[in-house]
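**Student:** Sharing a structure below in structure tokens format, with a few things to ask.
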Amino acid sequence: MSVKFHLHRLFQSDSDDIDEYGLTAQQHNALAVAYDEGYFEIPREATLEDLADELDTTTSALSELLRRGQRRLVGRTVAALEGT
């Protein structure tokens with residue numbers, strides 16, 4: 001009996017700053033807080049300003065951090081499966 005499989009990605013991290021999806025610790029934390037606080041809910045349960053205050057950063061810095069983290073997550077999951 002044989003089993004076919006396709007290896008999409010092999011990952012080994014030697015850095016504590018990068019997780020299995022390629023997120024930095026800051027990106028991971030910002031996304032986790034945003035998720036926990038309801039930022040991704042419809043309608044939103046938290047604003048960017050709320051999150052920035054909680055994370056002690058500016059809204060523009062947090063916005064960039066979230067966008068970069070989301071892009072990396074999509075790139076390493078959905079887009080990787082599509083081969084793009």
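The values are calculated or read from the model by the stated rules, or taken from the named source; none is laboratory data. Quick caveat, the model's predicted, so the values are computed rather than measured. Neighbour counts are summed over all protein chains in view; Cβ atoms, including those assigned to glycine, are modelled from backbone coordinates with ideal geometry.
**Student:** Can you work out which of the residues in region 29-54 that are under 14 Å from residue 65 (Cβ atoms) and surrounded by 17 or more Cβ atoms within 10 Å (Cβ to Cβ) is nearest to the chain's Cα centre (by Cα)?
**Tutor:** If we take residues in region 29-54 being under 14 Å from residue 65 (Cβ atoms) and surrounded by 17 or more Cβ atoms within 10 Å (Cβ to Cβ), then 31 is nearest to the chain's Cα centre (by Cα).
**Student:** Within region 55-84, restricting attention to residues that are among the small types (Gly, Ala, Ser) and within 10 Å of residue 30 (Cα to Cα), which residue is nearest to the chain's Cα centre (by Cα)?
**Tutor:** Of everything passing the filter in region 55-84, 69 is nearest to the chain's Cα centre (by Cα).
**Student:** Specify the residue that is modelled with the lowest pLDDT; the eligible residues are those in region 64-84 that are surrounded by 12 or more Cβ atoms within 10 Å (Cβ to Cβ) and of a type in the set (S, T, N, Q).
**Tutor:** 77
**Student:** Could you check region 17-84 for helices (runs of 4 or more DSSP H) lying wholly inside it with 2 or more residues that are touching an Asp or Glu at 6+ places or on another chain (Cβ under 8 Å) and charged (D, E, K, R)?
**Tutor:** Ranges flagged: 48-55.
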